[in-house]
Each structure stands twice: as structure tokens, then as C-alpha cells.
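Some notes on the structure that comes next.
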Amino acid sequence: MKFHLIQSDNKNLITGYDLNWVEVNQERHHSSLIVTPNQLLLEWPVKSIKDLKENSFEAIESLNIEIILLGTGNSQEHLEPRLLEHFSKKNMAVESMNNQSACRTYNILANEERKVMLALML
């Protein structure tokens, strides 16, 4: 699916996606990645929900993210309760959803100037 959103303020926005790729600002990526409105972390080593650990988001913890949108692939999968508790203690809300829903939700929240992060498993 292609999005036709206007990129404003040099934000990272999702401009398209399919089952095995995602476009950030019209640049296609085929591996798991982390996107914030201001940063792009390519080659995120998490490929499935089973790969997630407490330190999976270490690289971005200093960004004061409030909402983590976790794209778990083509179907929705949920985090283990211990990981939800870990992020809750850091005042970070984690929402798991399929990649398509995560991409759409990320664009809305990023445009609302929210402190959001999209972590996609591809």
C-alpha cells in the first residue's frame, strides 16, 4: 500500500508498505528497523517477538519515547508480561499490532508531535 502524505518538518513518515518491506520517506527497507520522527535505526536485529529482550531498545532509551508501536509482522503478537512490566517501569507504553496497523498509527501520532517510536519486524 502506498500512502500519499505530505512530509512536514523533515519528519520520518511511512510512505508505503507491503508484507516484506516498508518505505520511510519514499526509501524502501527490507529488514527490521526502528523509526522515530527524528531518527532511523536500520538493521534492527529483532526478527520476531521471541527475539525481544529488555535491552532491545537500548539505542533509543535516551530519546524519552512515550509510545512504542511494535509491528510484529503480518499478524499481531503480544509481548511477554515481564517485558510489558519492564517498559511500564520506564513510563513507556507498548502497543503490539500487525505491521500495517503499526505503520498507519505511527504516521498519525508522529504528525500529532507525539513522542512515538515504530519498531517493525520484517
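Some notes on this structure:
- Residue ranges of strands (runs of 3 or more DSSP E) in the stretch 19-122 with at least 3 members surrounded by 20 or more Cβ atoms within 10 Å (Cβ to Cβ): 33-35, 67-71, 116-120
- The stretch 58-78, residues that are closer than 17 Å to LEU122 by Cβ and either touching an Asp or Glu at 6+ places or on another chain (Cβ under 6 Å) or of a type outside the set (Val, Ile, Thr) (or both): LEU69, LEU70, GLY71, GLY73, ASN74, SER75, GLN76, GLU77
- Close pairs (7 angstrom Cβ cut-off, 6 or more residues apart or separate chains): over 15 Å from LYS53 (Cβ atoms) in the stretch 70-95, exposed (fewer than 11 other Cβ atoms within 10 Å of the Cβ) anywhere: ASN74/LEU19
Throughout, read-outs are computed from the coordinates displayed, never taken from laboratory work. Keep in mind it's a predicted model, so treat the numbers as computed, not measured. Note that we place each Cβ from the backbone using ideal geometry, even for glycine, and neighbour counts take in every protein chain shown.
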